[in-house]
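As structure tokens, the structure follows; a few thoughts come after it.
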């Protein structure tokens, strides 16, 4: 993917899969996304404001929060095209089927800007 993984957020905010969307809405006012963890504290996905808009009156466990997965061997262009095709500005990054962080459209843009300089 990127020569430098500094573009991947490895310290996200975590939220329980059992939370209600009303609480998620409040937290999304402070954070652009949150990593969802199940009852075993396994990272199972990410939730964004777009997810809230699609399921405003549900519990998180009842929502479809799946997003395309980014792997470390993908290029910045691959990630950008995946974001564009899926209409997501935040995607989970996995290594060996484990979520290790989140990549944002802003990070991809910063990477492209560094390449231009």
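Readers should treat all values here as calculations from the given coordinates under stated rules, not as data from a laboratory. Worth saying up front: this structure is predicted, and the values here are computed from it rather than measured. When we count neighbours, we look across all protein chains shown, and the Cβ atoms used for this are built from the backbone with ideal geometry, even at glycine.
Across the range 77-93, the number of residues qualifying as surrounded by fewer than 20 Cβ atoms within 10 Å (Cβ to Cβ), touching a helix residue (DSSP H, G or I) at 6+ places or on another chain (Cβ under 9 Å) and over 17 Å from residue 48 (Cα atoms) comes to 2. Among residues of the range 24-37 being free of Cβ contacts under 8 Å to residues at least 24 places away in the same chain and in contact with a strand residue (DSSP E or B) (Cβ under 8 Å, 6 or more places away or on another chain), the one that is nearest to residue 106 (Cα to Cα) is 34. Identify, please: which residue in the range 43-59 is under 15 Å from the mean Cα position of the chain (by Cα) and outside any strand (DSSP E or B) and is, among those, surrounded by the most Cβ atoms within 10 Å (Cβ to Cβ)? Only one residue tops the list, namely 51. Number of residues in the range 94-115 that are in contact with a strand residue (DSSP E or B) (Cβ under 8 Å, 6 or more places away or on another chain) and part of a helix (DSSP H, G or I) equals 2. Scanning the range 82-93 for residues that are within 20 Å of residue 20 (Cα to Cα), free of Cβ contacts under 8 Å to residues at least 40 places away in the same chain and outside any strand (DSSP E or B) turns up nothing. Just one of the listed residues (73, 40, 64) is in contact (Cβ under 8 Å) with a residue 60 or more places away in the chain, surrounded by fewer than 12 Cβ atoms within 10 Å (Cβ to Cβ) and part of a loop (DSSP other than H, G, I, E, B), and it is 73.
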